[in-house]
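Only one structure is covered here, and it is reproduced in the block below.
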Amino acid sequence: MHFQQLIELTPTVDLISLYATSCRMEASPGIHRLVVVRRGHLLISTPGQEPAVCSQSFACHPEQGAYLIEVPKTKEVEYAVITYRMLPETSPWTLTGPLSTLSEIKIHYMIDELLRTTQEIHTHSIEEAAAQQFRKRMMLERILFIYLYESRIREDMKSTADSLEETLSYINEHYMLKLTLPMLARRAGVSEGHYTVLFKRHTGKTMTHYLHELRIEKAKQMFQQTNLLAKEIAQKVGYIDYFHFSKVFKKWTGCSPSTFQQALSVNNDQPTSKD
């Protein structure tokens, strides 16, 4: 919704200031503030709300009331506050709360430019003043665009990571069922190709490799803890075809299921040595 709002609005910079200590920002109709952390982290809260930890940026909305910005004790912090308005003021601008970015260096460079433009560059005519105001507006628009765009990317990444973790939990609990790449990708809400890339990046293995390894480890545990036949164990860990199970088992362990079972039997029959 924010991008749709931004198309219809024009941001106007009123003030940009640097802070290193705690402060309270009173709410004024139509006045928005963007807090950008340049070093350290902050605690930001409104009346009646628990403080939110801010390590990158925070959008303060006038309808939320006054904001208390606290610097943690014994911590060195520097942050910039951009005070701005959105024109026309009768149009909605709902940006509020924590924002994140993958481009902090770029943001900090534009903050430096806004500070320099505001504090160091002196205009000598109405035309020069208008040009500087227009330049500040473009930089603020760029900053807002980066935060809106990249905050959405970060949320999508977090959502995808959570979905991938959920499918991993599903595999670990239902390894004995018929699990396919299309099914797991649908469960994670991504394409098969994207799921394959994410899975390999997260686990260091392909989905097939991960599943075979898990099933064989479960099979080894069953051989050690039960007296079930190899064919029964194969079915219990998800292999309908015993010959396929035997082939995979030998690839992972270096021996066939029967050889593995025999070795366990020999070891169990050996008498315990006495000191």
Practice prompt. Report, by residue number, each residue of region 87-96 that is at pLDDT 90 or above and either polar (S, T, N, Q) or in contact with a strand residue (DSSP E or B) (Cβ under 6 Å, 6 or more places away or on another chain) (or both).
Written response: Leu87, Trp93, Thr94, Leu95, Thr96
Fill in: Given (1) under 11 Å from Leu164 (Cα atoms); (2) in contact with an Asp or Glu (Cβ under 8 Å, 6 or more places away or on another chain), index of the condition Arg186 fails
(2)
Worksheet item: Which condition breaks for Lys73 when tested against (1) basic (Lys, Arg); (2) under 21 Å from Tyr147 (Cβ atoms); (3) at pLDDT below 90?
Response: (2)
Worksheet item: Residues in region 210-232: is at least one of a type outside the set (Ser, Thr, Tyr) and on the phi > 0 side of the Ramachandran plot?
Response: no
Item to complete: Test Ala188 against the stated conditions and say whether it is modelled with pLDDT under 90, surrounded by 16 or more Cβ atoms within 10 Å (Cβ to Cβ) and in contact with a Phe, Trp or Tyr (Cβ under 6 Å, 6 or more places away or on another chain).
Response: yes
Practice prompt. Sort through Lys236, Lys250 and tell me the only one that's modelled with pLDDT of 90 or more, farther than 20 Å from His209 by Cβ, assigned by TED's automatic domain parsing to the domain that holds Tyr210 and surrounded by 14 or more Cβ atoms within 10 Å (Cβ to Cβ).
Written response: Lys236
Worksheet entry | Residue in region 140-165 that is farthest from Leu184 (Cα to Cα), counting only those that are hydroxyl-bearing (Ser, Thr, Tyr) and at pLDDT 75 or above | Tyr147
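The values are calculated or read from the model by the stated rules, or taken from the named source; none is laboratory data. It should be emphasised that the depicted structure is a prediction, and the values quoted were computed from it without experimental measurement. Heads up, the Cβs are rebuilt from the backbone with ideal geometry, glycines too, and the neighbour counts pull from every protein chain shown.
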